[in-house]
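Structure, as structure tokens:
The values are calculated or read from the model by the stated rules, or taken from the named source; none is laboratory data. Note that the coordinates shown come from a computational prediction; the quantities given were computed from them, not determined experimentally. Cβ sites come from the backbone with ideal geometry, for glycine too, and all protein chains shown count toward neighbours.
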Ligand code: TXA
Ligand code: MG
């Protein structure tokens, strides 16, 4: 299959919506990462996502919609879920809520669970696409399973060209990390660190989030080894060893690449996956990362780096 590269013009967005309408697969930019979208009501289309990514299991997918009002057609929002949606949508937050019996979504989207992950993305192009398509779009990150997430159209071309119908090119993703996932089926629970810092969510709720219970599969797509570049990854590196590409943060000595020269966590988040792609291309024996502080977005950055460094 030849993959069409669509420009970020009204015509490009219209064509992307048409691909979705006819049951095709279209990658599109959100403010977090590029998603690989399909009509969430069409099981054949959704199955195509798993096939294109080479996903080993049918993990549940996040459904993207244009507004909270649209989201309420598919999921049941309790008071906490509604407060979070009102405070942070559109934005880098996914809410897992009970699935409505009349949602009409493919059961592949929820992997047969009784809950559903919903998100209203903020990137203007994603918003336009969802408005024009006027339906729910299931979309995981647009990378082959287990590989580095894509934050540019070029990353998507590298990973999925020839396996999907189209890519809507909207440049670089502003946040650069996947959405934070909060379970709102019962007590609000942190299921995945991401582009919205946990502290902001706790402030909005006026209380601490519960942590997903140890050993409980809460976000089943959260594999230990993920985001893996070709070379092994070493974390908390305080010096560069022979054969290594060293990725710095702040004033790291001997750094080959840097997540943020000034030590800014937002900049580091936005650069993270692109730096992993760049480090990969250097064919180093090992990729070392300087320590990143475990606060704010640093928690999500460290989560992704630990998975990139995990035994494969
Ligand atoms: O920023 C993002 O969230 C991006 C963009 C494209 O929106 N999407 C993304 O999707 O990261 P994906 O498939 O790579 O990760 C989705 C995560 C998985 O870990 C999955 O298990 C979890 O969401 N998830 C989805 N539905 C769920 C549910 N009902 N219960 C628990 N976890 C769920
Ligand atoms: Mg992913």
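Below is a table of values for the structure above.
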| quantity | calculated |
| --- | --- |
| Pairs, first touching a residue at least 40 places away in the same chain (Cβ under 8 Å) and within 18 Å of residue 30 (Cβ to Cβ) in segment 79-100, second part of a helix (DSSP H, G or I) and away from ligand 2 (no atom under 16 Å from the Cβ), C-beta under 6 Å, six or more apart | 95/81 |
| Residues being part of a helix (DSSP H, G or I) and within 11 Å of residue 249 (Cβ to Cβ) - total across segment 270-301 | 5 |
| Wholly enclosed strands (runs of 3 or more DSSP E) of segment 19-102 bearing at least 1 residues closer than 30 Å to residue 199 by Cβ, in contact with a strand residue (DSSP E or B) (Cβ under 7 Å, 6 or more places away or on another chain) and away from ligand 2 (no atom under 16 Å from the Cβ) | 93-98 |
| Which listed residue, of 76, 63, is within 24 Å of residue 184 (Cα to Cα) and either modelled with pLDDT under 95 or under 20 Å from the mean Cα position of the chain (by Cα) (or both) | 63 |
| Boolean, residue 156 is within 29 Å of residue 309 (Cα to Cα), touching a residue at least 60 places away in the same chain (Cβ under 8 Å) and within 15 Å of ligand 1 (Cβ to nearest atom) | yes |
| Residue match in segment 121-129 (condition: away from ligand 1 (no atom under 15 Å from the Cβ), touching a helix residue (DSSP H, G or I) at 6+ places or on another chain (Cβ under 9 Å) and within 22 Å of residue 33 (Cβ to Cβ)) | yes |
| One residue from 113, 168, 118 being away from ligand 1 (no atom under 11 Å from the Cβ) and in contact with a strand residue (DSSP E or B) (Cβ under 9 Å, 6 or more places away or on another chain) | 168 |
| Test set (1) modelled with pLDDT under 95; (2) closer than 15 Å to residue 186 by Cβ; (3) surrounded by 19 or more Cβ atoms within 10 Å (Cβ to Cβ) - residue 114 fails condition number | (3) |
| Listing of strands (runs of 3 or more DSSP E) fully contained in segment 119-235 that carry 2 or more residues being at pLDDT 95 or above and more than 17 Å from the chain's Cα centre (by Cα) | none |
| Qualifying positions in segment 153-184 - within 20 Å of residue 297 (Cα to Cα) and crowded, with 19+ Cβ neighbours inside 10 Å | 173, 175, 176, 177, 178, 179, 180, 181, 182, 183 |
| Extreme residue, surrounded by the fewest Cβ atoms within 10 Å (Cβ to Cβ), among residues of segment 95-110 that are within 12 Å of ligand 1 (Cβ to nearest atom) and farther than 19 Å from residue 39 by Cβ | 98 |
| Residues of segment 261-288 satisfying the condition of being over 15 Å from residue 177 (Cβ atoms) and crowded, with 20+ Cβ neighbours inside 10 Å | 279, 287, 288 |
